[in-house]
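The values are calculated or read from the model by the stated rules, or taken from the named source; none is laboratory data. Keep in mind that this is a model prediction, so the values were computed, not measured. Glycine gets a Cβ as well: all are built from the backbone with ideal geometry, and neighbour counts include every protein chain shown. What goes into the accessible areas is simple: the full protein's heavy atoms, side chains included, and nothing from ligands, DNA or RNA. Shrake-Rupley method; radii C 1.70, N 1.55, O 1.52, S 1.80 Å.
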Amino acid sequence: MKPYINMFVAAVLILGAGSAVAAEPDVYNNPTAGLEVTKPADWSYVTAAQNMDNIKGVKLKDEEFHAAMQKYATAPLVAMTKYPMPYDDVNPSFKVNLKPFGGLKGKSPQDIISLVMPQFKNAFQDFVLVQPPKEVFVSGIESAYARMNYTVEIPDGRSFQTTSELWIVPRGDYFFMIGAGTRQDERTGSREEIQDILASLKIEK
């Protein structure tokens, strides 16, 4: 089970590119996945190249895990940031992955998040689980949510106090894994902005 969970966490951490199919440039719509989400007009989509730069620019406590993350992680359906990349601070971000349940079949959304938490704790300095996994509703679907704080270090020696939020939304044999990141003090962007994006999300039942 551990290799699956490691790759699961890698997908949470990484920003990637998704191809939007919509008449409006700020609306990402994927009919196959049954998902639609609206990007704030002043935010930017993230490209695959920017995604890889983002991966390489973060130092983790577990270097073996970092190497595996670079090698195996897949790009989200869609990812967006408040400021164009590269950005010299914590860039507020929102991304959506679609994953098969696989070996996690039968696990509740809260159980899935609970399996991820030890990997976050091992990867980052000063990890604190601010909001343990709890039941929430996303687009009218019974889901799970957790929030965590930790320190992100970059190769030049600087560090940033970061907050990550995670939602697990089941859909048939798959689940949506929605991740968002902000500064803990919200100086570069607020979690209210993240909530506005989440509220725009529509998932077909």
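Give the residues of the range 88-102 that are open to solvent by 60 Å² or more (accessible area, probe 1.4 Å), touching a residue at least 40 places away in the same chain (Cβ under 8 Å) and over 12 Å from the mean Cα position of the chain (by Cα), sorted by residue number.
Pro100
Hey, can you tell me all the residues within the range 84-106 that are modelled with pLDDT of 95 or more and outside any strand (DSSP E or B)?
Selection gives Pro92 alone.
Pairs under 8 Å by beta carbon, first residue at pLDDT below 95 in the range 192-204, partner hydrophobic (A, V, I, L, M, F, W, C), six or more apart or different chains?
These pairs meet every condition: Glu204/Leu35.
Looking at this structure, is Asn122 of a type in the set (S, T, N, Q), surrounded by fewer than 20 Cβ atoms within 10 Å (Cβ to Cβ) and modelled with pLDDT of 95 or more?
No; evaluated as a whole, the condition is false for this residue.
Any residue at all in the range 33-49 that is at pLDDT below 50 and either polar (S, T, N, Q) or touching a helix residue (DSSP H, G or I) at 6+ places or on another chain (Cβ under 6 Å) (or both)?
No, there is no match, as no residue in the range 33-49 is at pLDDT below 50 and either polar (S, T, N, Q) or touching a helix residue (DSSP H, G or I) at 6+ places or on another chain (Cβ under 6 Å) (or both).
Check Ile112, Ile168 and return the single one that is in contact with a Leu (Cβ under 7 Å, 6 or more places away or on another chain), among the aliphatic types (A, V, I, L, M) and crowded, with 20+ Cβ neighbours inside 10 Å.
After ruling out the rest, the residue left standing is Ile112.
Tell me the residue from Met148, Met85, Met177 that is open to solvent by less than 70 Å² (accessible area, probe 1.4 Å), aliphatic (A, V, I, L, M), under 26 Å from Pro40 (Cα atoms) and in contact with a Ser or Thr (Cβ under 7 Å, 6 or more places away or on another chain), please.
Only one candidate passes the filter, namely Met148.
If I go through the range 180-205 residue by residue, how many of them are part of a loop (DSSP other than H, G, I, E, B) and open to solvent by 40 Å² or more (accessible area, probe 1.4 Å)?
Final tally of qualifying residues: 6.
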